[in-house]
Amino acid sequence: MPLTLISIALLALAFLAFNVVLCVRVGRMTELLRWRRALPSLLLCAALVASVGRAWGITAVAEAVAFPLNAAAALLGMYEMERQRRRRTSPGAAA
């Protein structure tokens, strides 16, 4: 296997691990509404199902949907983490 394919696979695996960690951390935020805690995980699960569709020969859906759902899950998770950080460090949060 060429080195390029190995590096792409490692990058994809690192992105998946990053995405899972974000989804777990957002899922543990008890101050969020339940649907907002679950949304990044649901997006990640939908992306994984679309990616698994490649094994069953449904490549069009995987090519069109999997990466945007992964990116949306990561962006939403980072948004919620940043929002929580801003809420904790705001001057009115201690009062």
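The values are calculated or read from the model by the stated rules, or taken from the named source; none is laboratory data. Predicted model only: the values in this text are computed from it and were never measured. Quick reminder, even Gly has a Cβ in these numbers, built from the backbone with ideal geometry, and neighbours come from all protein chains shown. These area figures cover heavy atoms from the full protein model, side chains too; ligands, DNA and RNA do not enter into them. Shrake-Rupley method; radii C 1.70, N 1.55, O 1.52, S 1.80 Å.
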Handout entry: Contour minus Cα-Cα distance for residue 79 and residue 7 (0.36 nm per residue)
Key = 23.1 nm
Completion exercise
The computed P(r) of the chain puts the percent of Cα pairs beyond 15 Å at 66 percent
Exercise for the section: On the protein heavy atoms, probe 1.4 angstrom, tell me the percent of accessible surface of the chain carried by carbon and sulfur. Expected result: 71 percent
Problem - Average accessible area per residue (Å²) across the chain - probe 1.4 Å, nucleic acids and ligands excluded - result: 71 Å²
Exercise for the section: Per DSSP H run of n ≥ 4, the term is -39500 (n - 2.57); total these for the chain, divide by its residue number, and report the mean residue ellipticity at 222 nm rounded to 500 deg cm²/dmol. Expected result: -24500 deg cm²/dmol
Problem - Given charges at Cβ of Lys, Arg, Asp, Glu: the range 5-95 dipole, positive-most of 91, 58, 72 - result: 91
Fill in the blank from the handout: Helix 34-52 sits off the longest principal axis of the Cα atoms of the chain, rounded to the nearest 10 on a 0 to 90 degree scale, by 10 degrees
Problem - Prolate/oblate/rounded call for the range 1-57, Cα gyration tensor, a/c under 1.5 rounded - result: oblate
